[in-house]
Amino acid sequence: MSQESSARETGGSDGVQATPESFLRRYVFSLDHKVIGIQYALTAFLFLLLGFSLVLVLRWQLAYPDEPVPVLGGLLGEERVTEDGAILPEFYNQLGAMHGTIMVFLAIVPLVVGAFGNYLIPLMIGAPDMAFPKLNMASYWTYAAGGLVMLASFFVPGGAANSGWTSYPPLANIATEGQTYWLFGMLMMIISSLLGSVNAIVTIVQLRAPGMTLDRLPFFIWAQLVTAFLLLLAFPPLQTAAVLQMMDRLLDTSFFMPSGLVVNGEVMANSGGGTPLLWQHLFWFLAHPEVYVLILPAFGIVAEIIANNTRRPLWGYRSMVAATLAIGVLAFIVWAHHMFLTGMGTVISAFFQTTTMIISIPSVVILTCLFLSLWGGAIRFTVPMLFALAFLPMFGIGGLTGLPLGLAAADIYLHDTYYVIGHFHYVVAPGTIFAIFAGVYYWFPKVTGRKLSTVLGHLHFWPSLIFMNGIFLPMFKMGMAGVSRRLFDGGRQYDFGEGVAGLNVAMSHSAWALAAVQVFFVVNLVWSLARGRRVGDNPWQATTLEWSAPSPPIPHGNFAREVRVERGPYEYSAPGADQDYLSQADAAQVAEATGS
Amino acid sequence: MEIPYTTAERPDTGLTNGRFGIWLFLASEVMFFGGLFSSYLLLRLGATDWPRGADRLDVVLGAVNSLLLVLSSITILAAWGALRDGGGLAKARRLLGATIVLGVVFVAIKANEWQHKLEEGIRPATDMFYALYFTMTGLHLIHLLAGLAVLGYLAGPGAALFRRSPKQYTQRVEITGIYWHFVDLVWIVLFPTLYLT
Ligand code: HEM
Ligand SMILES: [Cu+2]
């Protein structure tokens, strides 16, 4: 069914107002969750590209220290590069700090929550929109404004923030102006995610279609629900922290400044009496839950795709939901495993070490259920499924390498080395980012009515898999050799670093190659948008509700008629049924949506 | 298109979207001020000595301000009650107006306190006590001002909604009231923390 005909039908059937919307209302200040979701997606993909580009420059310095950067070297200006175009240490620090900040707060979270959550939550629960469309719009625009502030910071004197994405004081307190921009940007991001999370929770709880009981919610929705609670409750303490750091920087208070701090050989004039550890506690109280914000929605995406492509119900759906809820609670009591080296005493270390070991159990439960879901399935190796399948072992590596970090004794050695960088990148890069790609390939037909090219998809997937590992696997070796993170020369100044420094060359080339093969993805998006094969409303023969809406779903309202939910989310290969899947929606809805 | 359960309660949850939303928002506010009070505790416990609040701040003004906020919580509750029991818009607007006046007096007293400190040359940077004093009362003040802005809207232009949908207007007053109580509550904790101990 074409979009026009379905829109006309609803216009007639339940009186949806047909007044044409102005261009601004429709595409810019839209209140439709689908448009807002796409706005989030486009903006966040641009930030993903920017965050990636920063690190592509940074990796030049790691592979070829102090050599002029090709092409860019001449363009970056004397504040950033030497006369012949080699990266200055100050700029190196900006690249690293802003890479982390942009990737976590401006790219990945907005993608998995702002884009996927916004677009799919109402569709998957059979709702006409999010509960608060205006808040939804405000949330996007606050995010966009926060992003602009972060971008602007590159052009202020001294450049962007350069104290790491963790912004530890006292360093961040005395850093250049860019840090103030960073704090302003973060405050906006936090407000944005606050509005978004309230919206998501209320929508999921209140706007479920009749019959969509809790045990019929797709796993994706459970993942989004817990994620929203994490954002809601973990972010505010960072807001507190950002305000305090702002006070320190702008009004010379000493919340994070110890008495008698010596900087550049001079005692700071502050009144003192503060402690940098306070920042670390407030920061990690957010930032550990934040890592689950990065991974839970990825689990959700992958779970949907696996159920669909194995043509079987998820193995252990209830255990997965229980595990997700457990993570949601435990995520709040593990934060100080990032602080084992701050001298916090063995009793407290033992506590956080124990909680960390406990929280790895639900993660393993989810991963195991997903693996077992594959068992005996007639797997369809579609492009989204390839990315979803690759996600499993990649996240597995990321998660397992986290265990030694959670044990205080091992962490004393590994802390702040490249091993940690390897650990969390396995979780977020070939982990979450692969889940995002999987999701894009899977839901693109719903958004556009067209399928992405399979050939280009393969050209995108296989090299990405190889180069991702080419970048991150060597990091474990470097870290175990003792190389610290955030070093301008990649560790060459130390004897133990020299032996592994050569790995940097292969890693950097992997990174650049990874960038190159993303061209297949971009070309695929653009080409398929115009020329991709037109497919029906349910090309994957999927069960969940979004597939019983037209492709694309009707603006402001989604479904042609009120949805009634008849069964659970994963009725694949149900015995006795005459096709291998049964939609969650009732028969009338399905018939209407498919135009039969 | 209509969003379901904007004014009606969803039968199985017993909630309207707005009422649920404000409680979630307040949960995040609890975490925000929770972070702030935890910081206060950590910094104070780590300090070698700490001044007595009563020696530095004007307890009488603080107490008067507490009283004002408690009264304003009562007036806003009465405004909502009037709407709910069919007491009419005029009565509700008078009560909202009273709430606003009480809030504005609070702000005036607070501003006066700050001004005195600043005239004495006291700044947030003076020491940790004043750093916390200015930051915590300042953040509370921002919340209060936001509340006043919403109240001004509800008592003024926003009241037009009453004619179209009394139910929705009543709910807006209720939700604002819940928020206002929270801001009041924060002050009730803040006052003894800063002024009395
Ligand atoms: C599954 C069990 C996991 C365990 C036991 C674990 C444990 C740890 C520990 C103890 C650290 C601190 C290491 C150090 O700084 O010395 C760490 C760092 C980190 N982890 Fe995990 N982790 C797990 C999963 C995840 C997940 C799912 C993510 C999601 C993205 C993640 C992202 C990160 C990040 C971003 C850091 C680096 C923080 C920094 O910059 O210092 N981890 N992990
Ligand atoms: Cu952690």
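The values are calculated or read from the model by the stated rules, or taken from the named source; none is laboratory data. Everything numeric in this text was worked out from a predicted model, so none of it was measured. Positions of Cβ are generated from backbone atoms using ideal geometry, with glycine treated the same way; all protein chains shown enter the neighbour counts.
Would you confirm whether any residue within the stretch B:59-69 is of a type in the set (Gly, Ala, Ser), part of a helix (DSSP H, G or I) and within 14 Å of another protein chain (Cβ to nearest Cβ)?
no
Can you confirm whether the stretch A:434-454 contains a residue that is of a type outside the set (Asp, Glu), farther than 22 Å from residue A:112 by Cα and at pLDDT 95 or above?
Yes, some residue in the stretch A:434-454 is of a type outside the set (Asp, Glu), farther than 22 Å from residue A:112 by Cα and at pLDDT 95 or above.
Residue under question is residue B:104, and the condition is that it be more than 30 Å from residue A:194 (Cβ to Cβ) and β-branched (Val, Ile, Thr); does it hold?
no
Test of understanding: among B:36, B:61, which residue is under 20 Å from the mean Cα position of the chain (by Cα) and crowded, with 17+ Cβ neighbours inside 10 Å?
Just one listed residue meets the conditions, B:36.
Residues in the stretch A:290-301 that are more than 10 Å from ligand 1 (Cβ to nearest atom) and either surrounded by fewer than 24 Cβ atoms within 10 Å (Cβ to Cβ) or over 21 Å from residue A:438 (Cα atoms) (or both): how many?
0
Checking residue A:161 against (1) of a type outside the set (D, E, K, R); (2) farther than 30 Å from residue A:569 by Cβ; (3) within 14 Å of chain B (Cβ to nearest Cβ); (4) crowded, with 24+ Cβ neighbours inside 10 Å, which single condition isn't satisfied?
Every listed condition holds for residue A:161 apart from (3).
For residue A:319, indicate whether it is hydroxyl-bearing (Ser, Thr, Tyr) and either within 16 Å of ligand 2 (Cβ to nearest atom) or part of a loop (DSSP other than H, G, I, E, B) (or both).
Against the criterion (hydroxyl-bearing (Ser, Thr, Tyr) and either within 16 Å of ligand 2 (Cβ to nearest atom) or part of a loop (DSSP other than H, G, I, E, B) (or both)), residue A:319 does not qualify.
Checking residue A:377 against (1) surrounded by fewer than 19 Cβ atoms within 10 Å (Cβ to Cβ); (2) within 30 Å of residue A:341 (Cα to Cα); (3) touching a residue at least 12 places away in the same chain (Cβ under 8 Å): exactly one of these is not met. Which one?
(2)
Condition check ((1) more than 16 Å from ligand 1 (Cβ to nearest atom); (2) farther than 16 Å from residue A:105 by Cβ; (3) out of contact with any Pro (no Cβ under 9 Å at 6 or more places or on another chain)) across all residues:
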| residue | (1), (2), (3) |
| --- | --- |
| A:214 | yes, yes, yes |
| A:231 | no, no, no |
| A:243 | yes, yes, yes |
| A:263 | yes, yes, no |
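Say whether the condition of being over 30 Å from residue A:550 (Cα atoms), in a loop (DSSP other than H, G, I, E, B) and at pLDDT 90 or above is met by at least one residue in the stretch A:43-65.
Within the stretch A:43-65, one or more residues are over 30 Å from residue A:550 (Cα atoms), in a loop (DSSP other than H, G, I, E, B) and at pLDDT 90 or above.
Can you pull out the residues in the stretch B:114-129 that are buried (at least 16 other Cβ atoms within 10 Å of the Cβ) and part of a helix (DSSP H, G or I)?
B:114, B:117, B:128, B:129 - these are the residues of the stretch B:114-129 that are buried (at least 16 other Cβ atoms within 10 Å of the Cβ) and part of a helix (DSSP H, G or I).
For the stretch A:302-319, indicate whether the set of residues that are within 16 Å of ligand 1 (Cβ to nearest atom) and within 30 Å of residue A:239 (Cα to Cα) is non-empty.
Among the residues of the stretch A:302-319, not one is within 16 Å of ligand 1 (Cβ to nearest atom) and within 30 Å of residue A:239 (Cα to Cα), which makes the answer no.
Looking at (1) in contact (Cβ under 8 Å) with a residue 40 or more places away in the chain; (2) surrounded by 16 or more Cβ atoms within 10 Å (Cβ to Cβ), find the lone condition where residue A:325 falls short.
Residue A:325 satisfies all of (1) in contact (Cβ under 8 Å) with a residue 40 or more places away in the chain; (2) surrounded by 16 or more Cβ atoms within 10 Å (Cβ to Cβ) except (2).
Could you list, in sequence order, all residues of the stretch A:526-551 that are under 28 Å from residue A:583 (Cβ atoms) and assigned to a helix (DSSP H, G or I)?
Those that are under 28 Å from residue A:583 (Cβ atoms) and assigned to a helix (DSSP H, G or I): A:528, A:529, A:545, A:546, A:547, A:548.
Being more than 22 Å from residue A:230 (Cβ to Cβ), away from ligand 2 (no atom under 13 Å from the Cβ) and either in a helix (DSSP H, G or I) or modelled with pLDDT under 95 (or both): is that true of residue A:351 here?
So residue A:351 fails the test.
Does any residue of the stretch A:429-439 turn out to be within 16 Å of ligand 2 (Cβ to nearest atom), of a type outside the set (Gly, Ala, Ser) and crowded, with 17+ Cβ neighbours inside 10 Å?
Yes, the stretch A:429-439 has at least one match.
Take the residues of the stretch B:19-29 that are more than 8 Å from every other protein chain (Cβ to nearest Cβ) and either part of a loop (DSSP other than H, G, I, E, B) or of a type outside the set (D, E, K, R) (or both): which is surrounded by the most Cβ atoms within 10 Å (Cβ to Cβ)?
Across the stretch B:19-29, the extreme among qualifying residues is B:22.
Report whether or not residue A:265 is at the interface with chain B (Cβ under 10 Å from one of its Cβ atoms) and farther than 27 Å from residue A:428 by Cβ.
Spelling it out, it is not the case that residue A:265 is at the interface with chain B (Cβ under 10 Å from one of its Cβ atoms) and farther than 27 Å from residue A:428 by Cβ.
Return a yes/no flag: does the stretch B:156-174 have any residue that is touching a helix residue (DSSP H, G or I) at 6+ places or on another chain (Cβ under 8 Å), small (Gly, Ala, Ser) and touching a residue at least 40 places away in the same chain (Cβ under 8 Å).
Yes, the conditions are met somewhere in the stretch B:156-174.
If you take the residues in the stretch A:332-348 that are in a loop (DSSP other than H, G, I, E, B) and farther than 26 Å from residue A:320 by Cβ, which one is nearest to ligand 2 (Cβ to nearest atom)?
The extreme case among them is A:339.
Working carefully through the options A:130, A:150, find the one that is touching a residue at least 24 places away in the same chain (Cβ under 8 Å), within 14 Å of chain B (Cβ to nearest Cβ) and not acidic (Asp, Glu).
A:130
Does residue A:326 satisfy being small (Gly, Ala, Ser), within 15 Å of ligand 1 (Cβ to nearest atom) and out of contact with any Phe, Trp or Tyr (no Cβ under 9 Å at 6 or more places or on another chain)?
yes
Quick check on this structure: which one of A:295, A:397 is within 15 Å of ligand 2 (Cβ to nearest atom) and either out of contact with any His (no Cβ under 6 Å at 6 or more places or on another chain) or under 30 Å from residue A:459 (Cβ atoms) (or both)?
Matching residue, one of A:295, A:397: A:295.
Could you check the stretch B:115-139 and list, in sequence order, the residues that are farther than 18 Å from residue B:55 by Cβ, within 14 Å of chain A (Cβ to nearest Cβ) and out of contact with any Leu (no Cβ under 9 Å at 6 or more places or on another chain)?
Correct list: B:118, B:138.
Here are some conditions: (1) outside any loop (DSSP other than H, G, I, E, B); (2) more than 10 Å from every other protein chain (Cβ to nearest Cβ). Residue A:198 meets all but one. Which one does it not meet?
The failed condition is (2).
Residue-by-condition table, conditions (1) of a type in the set (D, E, K, R); (2) within 14 Å of chain B (Cβ to nearest Cβ); (3) under 25 Å from the mean Cα position of the chain (by Cα):
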{"site": "A:277", "(1), (2), (3)": "no, yes, no"}
{"site": "A:286", "(1), (2), (3)": "no, yes, yes"}
{"site": "A:298", "(1), (2), (3)": "no, no, yes"}
{"site": "A:303", "(1), (2), (3)": "no, no, yes"}
{"site": "A:311", "(1), (2), (3)": "yes, no, no"}
{"site": "A:318", "(1), (2), (3)": "yes, no, yes"}
{"site": "A:321", "(1), (2), (3)": "no, no, yes"}
{"site": "A:326", "(1), (2), (3)": "no, no, yes"}
{"site": "A:332", "(1), (2), (3)": "no, yes, yes"}
